[in-house]
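What follows draws every value from the coordinates through simple rules; no lab data is involved. Treat the numbers as computed from the prediction; the structure is a model and nothing was measured. Neighbour counts are summed over all protein chains in view; Cβ atoms, including those assigned to glycine, are modelled from backbone coordinates with ideal geometry.
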2 protein chains.
Amino acid sequence: MAIAKLPTPSTPAGRLHEATLHSILGYQLAQASIVTNALYTKHTAQVFDLRPAEYTLLTLVVENPGGSMARLAKALAVSAPNITAWVDRLEKRELVVREKSESDKRTQMLRATAKGIKLASQATAKILEMEKQALKGLSALEQYTLLELLHKVGSLRATI
Amino acid sequence: MAIAKLPTPSTPAGRLHEATLHSILGYQLAQASIVTNALYTKHTAQVFDLRPAEYTLLTLVVENPGGSMARLAKALAVSAPNITAWVDRLEKRELVVREKSESDKRTQMLRATAKGIKLASQATAKILEMEKQALKGLSALEQYTLLELLHKVGSLRATI
DNA sequence: TATTGTTATACTCTATAACTATA
DNA sequence: TATAGTTATAGAGTATAACAATA
C-alpha cells in the first residue's frame, strides 16, 4: 500500500508551514510532547510535587518492587548517576527505600513505601483524568491505537 | 466504544512491568522519543553537525522564509532568548540570515541561505531514509496513522 | 502600554570520568 | 575483568529578569 498524501502542513501553534517536518516522526513526537508536558506541568507537577522524571521513576519502582537501579537506567535510557540523583530525592521524601541485596551485595533493590505507593496512585489518577479530558477530540479507538503504535515504536529500541 | 484491554505491559528495554504507565500518553511519547533520538544522534547529528533543535529550526526557516523569531518561539514552545541563541549559531555558520523588517522595525525576518537550504534538504533525506529503515516493523498504514494521530495531539495545544 | 529581540544570569537535566565494592 | 552504584564535575538546554527599540 502506498502512503496517502498528507494533509494541511502547518504547526499547531505558530501557523508555520511544516510540509517536510510533517512526515518526520521525531518532530511529531516532540510536538505532541509539548501538549502532554504542558498538561502535566499545569495540573500535576505542583499538586503532587513530582517532576515528570520523578513520577515515572516512582511508578516504575511501585510496579517493580525489588528492582535494581541499573534496570531503571536501562528502561529510561539515562545514565547511572542520573538514576542515583533521582532516587536520592525520592528517598529523602520517604517515597522509596534502598535495600541491599543479599544475593549480590553490589545491587540496591528499590521498594516504594506506603506513602510512595499512595502518591503514585493519586498522581496516576490525576494524569489519566487530565489526559482523558484533553484528548476528548480523539475517539477511544484513536487513543488506543496511538498508545499501541507508540509502544510498538518504543519496542524498536532493542533493534537499533 | 469501550477501550480494549491493553497487551503485555513491559518496557522495551528494561523488561520492567509498566501496567500503569502503558496507558499514559506522556510516558509512551517519551519512550518512543528515545528511539527517534537515538536514531538521529547515531546517523544524522555528526554527519551534518546539526543538533535536533538546529535541524528543526533550520527546516522551519527554510519552509517559512521571512518568518519572525517570535513565531518560531511559539511554534516550538520555547523562550525568546532560546531562539536568539539557536539563530546565532545558525547565522554564524551562514545557514540563515537575519533581515530587518521594513513594516515593523522591531522584527527580524529570517531566511535560509542556499547553503542552509541544501543542508536542510540533505539532512531531511537522511532522516526520512533512517526512519523508514527503522520503522520497517510498522506497516505503511500504521506509520501514516501514527503521524496523523500525533499531529492531532499536537493540534490540541491551542485548546489547553 | 505592549511587543520584538538581546544580554546576563541561573536552574534543570544529563553525561563522562574516577572511584569503591563486589562478582 | 566486568558490573553496580556513588561522587565530582562539566556540558547541554532552558527559563526568568532587565533592558533597548519600536509599535
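Here are a few things to note about the model shown:
- Ordering of B:139-145, A:71-77, A:58-64 by packing is A:58-64, A:71-77, B:139-145, highest average first (other Cβ atoms within 10 Å, averaged per residue).
- Reciprocal mean inverse distance between Cα atoms of chain A - Kirkwood radius, Å: 18.2 Å
- Projected onto their three principal axes, the Cα atoms of the protein assembly as shown cover extents of 68, 42, 36 Å, largest first.
- Summing Cβ point charges (Lys, Arg +1; Asp, Glu -1) relative to the Cα centre of the protein assembly as shown gives a dipole of roughly 340 debye.
- Counts of other chain beta carbons within 10 angstrom of each beta carbon in peptide B:62-68 average 3.
- For the segment B:117-127, counting C-beta atoms of other chains within 10 Å of every residue's C-beta and taking the mean gives 1.
- Remark on A:T107: its backbone amide H falls under 5 Å from those of A:S101, a criterion applied only to residues 5 or more positions apart or on other chains, H modelled at 1.01 Å from N.
- Net charge of Cβ neighbours under 13 Å - reference A:M69; Lys, Arg +1; Asp, Glu -1: +2
- Assuming charge only on the beta carbon of Lys and Arg (+1) and of Asp and Glu (-1), the dipole of chain B about its Cα centre is about 180 debye to the nearest 20.
- The residue among B:Y55, B:L25, B:I127 whose Cα reaches farthest toward the positive pole of the charge dipole of chain B, with charges on the beta-carbon of Lys, Arg, Asp and Glu, is B:Y55.
- Legend: distances between Cα atoms for A:K100/B:K42; A:K132/B:K152; B:K132/B:K152; B:K74/B:K100; A:K152/B:K152; A:K74/A:K136; pairs beyond 25 Å are A:K100/B:K42; A:K74/A:K136.
- The angle between the Cα long axis of helix B:25-40 and the longest principal axis of the Cα atoms of chain B comes to about 60 degrees, rounded to the nearest 10.
- Over the stretch B:50-136, the pair-distance histogram of Cα-Cα distances with 5 Å bins from zero comes to 3, 15, 25, 24, 16, 9, 5, 2, 1, 1 percent, rounded to whole numbers.
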